[in-house]
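To start, the structure itself, in structure tokens.
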Amino acid sequence: MSRALPLVLAAFLAACGDPVHADAVEALGPEADGVEPGPLHRPGQPCLTCHGGKGPGNMEFSVAGTIYKYADSSEPLANAVVKLVDQGGPSTIVGTNCAGNFFVQRVDFDPVFPLWTRVKLGSIDIEMSTPVFGAGSCAHCHSDPPTESSVGRIYVAPAGTELPGGSCP
Amino acid sequence: MSSPLSRATTAWIVCAGLFGCAGPADEQATITPAPRRESFPPVADMLHSHCGSLDCHGSRARNLRIYGINGLRIDGISGTGPTTADEYDATYRAIVYLEPEKLSRVVADGGRNPERLSLVRKARGAEEHKGGTMAPQGSEADRCLTSWIAGALDAPACALAAEMSPPEGF
């Protein structure tokens, strides 16, 4: 009986889980029609909700997000380069895919905040005006629409600017 | 079975009880002595750049909320327009009502031993703080905050601390 107690306790705790995390995952809603779970799914959502180490996403990210072409459009910015530099100097560079998504696995880059970021595409080179202090999901602060608690989506150019195309097949 | 007199007495007791329990309205609440609101904006700007991003104390989920241009706004869209007087007021209240009695004692003591305040200890990294050490003891940010509490604002330190630069080569 005494040997079984830890197992019973562990099973009980596992069943309880983390209700706050479970609610956050559920609030993201279902996958979009025709988009399988993977690198192209759920653009604009807070990636680390599922990929922050608590699941249900398998890969754990340290930083991830979505870059758009314009503030008022959901056109993704493909092939942009995102540079991340942490407080101590280590940096990493990652590209956006056809959904505008980028992600950095924690095993590859585990930054010490604050974290400075910039986005480059051709002659466009934009540095984020403030560092990131702790949230690895860009959408934590860059959700759409802009509000008192959000600066809106990450975008690189004013509407009407000619930018390279690129959409997912 | 109550007489008019006992009803009046009961009503009086209820009223007295309610007034006795109620705290002062926000705008009436005072802390004496308190750091000066007039000299607070440079301190708020420093706090905003070090602590007030939307993923830290610029979040509505936090009890210590710091308002400002690149973070949480009272009314409007984050990132647009300079920090307003109302936002400085809101941040001031958030700071001074964290530990009002302790803050008053530190102010009354001319700012001596500011580490009595959780705000200072957390900023210095002397107490558990999710954001880590944001204002090491003796840094410009630390001098900005503690000089304001002491009633002798070090404005140049605040201005220097409000500028956060990326690492070399970025």
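The values are calculated or read from the model by the stated rules, or taken from the named source; none is laboratory data. These figures come from a predicted structure and were not determined experimentally. Quick reminder, even Gly has a Cβ in these numbers, built from the backbone with ideal geometry, and neighbours come from all protein chains shown. In case anyone asks, the SASA skips ligands and DNA or RNA and just uses the protein heavy atoms, side chains included. Shrake-Rupley method; radii C 1.70, N 1.55, O 1.52, S 1.80 Å.
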Can you list the residues of the range A:31-65 with backbone N under 15 Å from a point 7 Å past the Cα of A:ASP110, pointing along Cα to Cβ? A:52-54, A:60-63
Rg from C-alpha atoms of the range B:33-163, normalised by the globular rule of thumb 2.2 N^0.38 Å, equals 0.96
Tally Lys and Arg at +1 and Asp and Glu at -1 over the other residues with C-beta under 14 Å from the C-beta of B:ILE66: what net charge comes out? 0
Working from the pairwise distances between different alpha carbons, so that the mean of 1/r is found and then inverted, what is chain A's Kirkwood radius in Å? 17.4 Å
Give me the extension gain from A:VAL20 to A:ASN79: residue separation times 0.36 nm, minus the current Cα-Cα distance, reported in nm with one decimal. 17.7 nm
Between A:ASN101 and residues 5 or more places away or on another chain, which pairs have amide H atoms under 5 Å apart, with H built 1.01 Å from N, and which residues are they? A:ILE67
Provide Rg and Dmax in Å for the range A:23-84, with only Cα atoms included in the calculation. 12.5, 33
Proximal lysine pairs, the protein assembly as shown, alpha carbons under 16 Å, eight or more residues apart or interchain: 4
Bin all alpha-carbon pair distances of the protein assembly as shown at 10 Å intervals from 0 and give each bin's fraction as a whole percent. 5, 20, 26, 20, 15, 8, 3, 1, 0
Phi-based couplings in Hz for the range B:57-70 (Karplus 6.51, -1.76, 1.60; Gly and Pro marked x): 7, x, 9, 5, 6, 9, 7, 8, 9, 10, 9, x, 4, 9
By the Cα gyration tensor axes a ≥ b ≥ c (a/c under 1.5 gives rounded; else a/b larger than b/c gives prolate, otherwise oblate), the shape of the range B:99-164 is oblate
Computed over chain A: longest principal axis from alpha-carbon atoms vs helix A:4-16 long axis, angle to nearest 10 degrees, is 30 degrees
Among A:ALA32, A:ALA64, A:ALA139, which one shows the highest mean-square fluctuation when chain A is modelled as a Gaussian network with alpha-carbon springs under 10 Å? A:ALA32
Added length on full extension, which subtracts the Cα-Cα distance from 0.36 nm per residue, B:LYS102 to B:SER165: 19.3 nm
With Cα springs under 10 Å, the Gaussian network model of chain A assigns the largest mean-square fluctuation among A:SER143, A:SER73, A:SER91 to A:SER73
Please report the buried accessible area for the interface of B with A, total over both chains, probe 1.4 Å, in Å² to the nearest 100. 1800 Å²
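What does the net charge come to around B:LEU153 if you take all other residues with beta carbon closer than 15 Å to its beta carbon, with K and R at +1 and D and E at -1?
Taking every other residue near B:LEU153 into account, the sum is -2.
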Around A:ALA80, which amide H atoms from residues at least 5 apart in sequence, or from another chain, sit under 5 Å from its own amide H, with H modelled in the peptide plane? A:THR96
Two pseudo-spin positions, 7 Å from Cα along C-beta at B:ARG37 and at A:ARG118, lie apart in nanometres by 4.2 nm
Buried on assembly, the range B:122-136 (at least 20 Å² less accessible surface than by itself, 1.4 Å probe): B:MET134
In whole percent, and with a 1.4 Å probe on the protein chains, what portion of the accessible area of the protein assembly as shown is carbon and sulfur? 58 percent
